[in-house]
Amino acid sequence: MRRIKPSEEERRQLERISSEILRRVEEIAAAKGVACRGILVGSAARNTWLSGDRDIDVFIAVPEDGDLGAALEIAREIAPEHEERYAEHAYVHAQIDGFDVDLVPCYDVRDPSRIKSAVDRTPFHSRYISERIRGLEDDVLLLKQFMKGVGVYGSDLRTGGFSGYLAELLVIYYGSFLRVLEGASSWRPGTRIDLAQGADLRAPLVVIDPVDPNRNVAAALTLDRMFQFVGAARCFLSSPDISFFFPPEAHAMHPDEIRAEIERRGTEFVLLEISAPDMVDDVLYPQMRKAEAAVRGLLEREGFQVIRSDVDLVRGEDVRARLLFELSIWELPSVRRHTGPPVWEAEHASRFVRGNPSPLSGPYIDNGRLVVEIPRRYRRAVDLLSGEIQRISLGRHLSYGSRRVLSTREIIEMMDRDLAGFLTAYLN
């Protein structure tokens, strides 16, 4: 708790900056004649933020019939040096006195059933938690840090884990950090937690939003992340250790170590690198996962065997999506078997024979079906991807970028810090 609970100095600093931002919202709105109010939301508003986290979320709420554009103008004026980001609509992200500040326009709706955009729900979340979390704040901090330590914290589409709001609801529902772990130890796919009478929803974990009973707070949680948490909870309860909260820092392996590890595994790696647009992770990662599935499907249809695959996004002077495939079968014979229709399907059988006029062998009959043996176009997986990658649909934002395919040898030769980190995480 000493490591994760904010100090009095941290609390005073956050309170000073958030109060100043709220004062500026009121001041600028009055000067512009705009009816709106500032609302501090998120973990900073309910005393459930971890020491070292420097995030402040302020919503600028306009009346239901008001103009979000006016709220955005106020946000721009509060933080002249800012980055404009987009969720359902534009908001301002800025650095203010060392804090990451999001200034988000929203509608000041009186009832969550009348929300006009997803962010309008957030002030209701803040109010719900604030009214129920008192006395449980330390348990929330423990749960959040545990989730961070075991790699399941974050509801972004890259992580597919638990949001801070979900962690707070779990503590409220179960009553303490340890009881959350005890309860999670018996979760099964489709487990449902009702904090309100809600809709009949289907997901690995269903936690009905008490503010909006038609919404699953755990909608972003993947099955694998859910059971990564379940497994960690069981292990911790069996043998508690501080490393669950603070795992050893991972250091990227040296390229020679990575080469030795790949040789020890006796497999082949293929890396597909695609230039990507500078867009938020929640837009790019789902497309990268779809592209990963499409490439994996192509490899397996052609007879290559994929053990595992993963994706990574590199941001620097440019943005690059990396798709990594580890293969247990990466080179095949020159001949491949091509099975056709049953012989009794006369028209299809004739068409099959005409379509394969010069086979290496056949046509012959095996178990009632026509078979020919034909030359394989691509013997190596890396050649297949190099030859066919332009024909694969990789998603809206990845289909038009430049692409290159690298073999294990080329991966080692062009190793940079980002790639070494990606491979280290994959291999470990």
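We did not get these values from a lab; they are worked out from the coordinates using the rules stated. Note that the coordinates shown come from a computational prediction; the quantities given were computed from them, not determined experimentally. A quick note on method: Cβ atoms are made from the backbone with ideal geometry, for glycine too, and the neighbour counts reach across all protein chains shown.
Between Leu178, Gly33, Val382, the Cα set farthest toward the positive side of the dipole of the chain (charges on each charged residue's Cβ, about the Cα centre) is that of Val382. Sparse packing (at most 16 other Cβ atoms within 10 Å of the Cβ) combined with a DSSP loop state is found for the following GluC sites (Glu not before Pro) in the stretch 76-131: Glu81, Glu88. For the stretch 373-428 and the stretch 163-234, what is the separation of their Cα centres, given in Å? If you average the Cα positions of each part, the centres end up 37 Å apart. Computed over the stretch 335-375, the range of Cα coordinates on each principal axis works out to 26, 20, 10 Å, biggest value leading.
When the GluC sites (Glu not before Pro) in the stretch 192-262 are filtered for DSSP coil states and for at most 15 other beta-carbon atoms within 10 Å of their beta-carbon, the remaining sites are Glu249. In a simple Cβ point-charge model (Lys, Arg +1; Asp, Glu -1; nothing else charged), the stretch 256-333 has a dipole of about 300 debye relative to its Cα centre. The calculated 222 nm mean residue ellipticity attributable to helices in the chain amounts to -12000 deg cm²/dmol, summing -39500 (n - 2.57) over DSSP H runs of n ≥ 4 and dividing by all residues. For the stretch 131-210, trypsin sites (Lys or Arg not before Pro) are listed when DSSP marks them as loop and at most 12 other Cβ atoms sit within 10 Å of their Cβ; the list is Arg134, Arg202. Computed from phi, the 3J(HN,Hα) profile of the stretch 349-357 under the Karplus parametrisation 6.51, -1.76, 1.60 (θ = phi - 60°) reads 5, 4, 5, 5, 5, 5, x, 10, x Hz, with x in place of Gly and Pro.
Taking Lys and Arg as +1 and Asp and Glu as -1, the other residues whose beta-carbon sits under 15 Å from that of Arg308 total -4. For a paramagnetic label modelled on Asp156 (point 7 Å from Cα along Cα→Cβ), amide N atoms under 14 Å away belong, within the stretch 304-324, to 312-316.
Near the amide H of Leu205, within less than 5 Å, lie the amide hydrogens of Gly190, all on another chain or at least 5 residues away, with H placed in the peptide plane.
Nearest 5 is fine: what % of DSSP beta bridges in the stretch 8-123 come out antiparallel, could you say? That works out to approximately 65 percent antiparallel. In order along the stretch 271-287, the Karplus-derived 3J(HN,Hα) couplings, from 6.51 cos²θ - 1.76 cosθ + 1.60 at θ = phi - 60°, round to 10, 9, 10, 10, 6, 10, x, 7, 10, 5, 4, 5, 8, 7, 5, x, 5 Hz, and Gly and Pro are given as x. Charge tally for Ala232 (other residues, Cβ to Cβ under 15 Å; Lys, Arg +1; Asp, Glu -1): +1. For the stretch 163-176, putting each phi into the Karplus relation 6.51 cos²θ - 1.76 cosθ + 1.60 with θ = phi - 60° gives couplings of 7, x, 4, 5, 4, 5, 5, 5, 5, 4, 5, 8, x, 6 Hz, in residue order, rounded to whole numbers and with x for Gly and Pro.
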